[in-house]
Amino acid sequence: MKQLLILIIVLSFLTEANAQKKKNRYFGISGFTTQSAMPFGKFVGLVTDQFHPGIEAEYGTNLSSTKNHDWFLELRLGYFYHRYVQHGIPFYLNFGYRHKIGNNLSAETSLGAGYMHSIPATGKYKLNNEGEYVNNKGIGRMQAMATFGLGLGYTLQPSNAKPLTIVTSYQQRAQLPFVKSYVPMLPYNSLMIGFRKII
């Protein structure tokens, strides 16, 4: 786990060093709802079933840009609440490709990996030496995570020097190991809606 954290820190510094050379750094914020389900197992249920809210911030840069294509790298930090299960704090790198369709519309796909801090959302107890149950919730567990996303963006006034883009994405997230004995991987499906702004 320490190696993963070191990799994230090193890559974030590389991202910043690269961003200093480019004018197309951006910052974004998205709100989302998430459901635990097998990959691509929830679509309509993301807006009709239980609501497990979250928020995520991103800082990114285009590693390579042409008229119709961007290769990008993002550092993302978020928080979500899964009722009766956990509070999740994901911190990860996202690498992806964005295809520009005309002046306003874009479609993208991405892969990500990083760290997830899981804090139980309910009481957790253990039996001590005196035969009494004591609180064993602690500060949570360190876990790994991987993501895959598909998204759309609509840029308002693309001729501006620093345009604003409305974004929506469907993301698969795998948290592991969740509970080694019976749920080694917890998959999530998320629907994200937010904005991205060139800075």
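The values are calculated or read from the model by the stated rules, or taken from the named source; none is laboratory data. As the structure is a prediction and not an experimental result, all values here were calculated from the model. Methodologically, a virtual Cβ is constructed for each residue, glycine included, from the backbone with ideal geometry; neighbour enumeration extends over all protein chains shown.
Please find, within region 106-119, the residue that is modelled with the lowest pLDDT out of those that are touching a Gly at 6+ places or on another chain (Cβ under 7 Å) and either in a loop (DSSP other than H, G, I, E, B) or of a type outside the set (A, V, I, L, M) (or both). Here the residue is SER118. Looking for something surrounded by fewer than 20 Cβ atoms within 10 Å (Cβ to Cβ), touching a residue at least 12 places away in the same chain (Cβ under 8 Å) and assigned to a loop (DSSP other than H, G, I, E, B) - is there at least one such residue anywhere in region 92-105? Yes, some residue in region 92-105 is surrounded by fewer than 20 Cβ atoms within 10 Å (Cβ to Cβ), touching a residue at least 12 places away in the same chain (Cβ under 8 Å) and assigned to a loop (DSSP other than H, G, I, E, B). Looking at region 55-76, can you tell me whether even one residue there is crowded, with 19+ Cβ neighbours inside 10 Å and modelled with pLDDT under 90? So far as region 55-76 goes, no, none of its residues is crowded, with 19+ Cβ neighbours inside 10 Å and modelled with pLDDT under 90.
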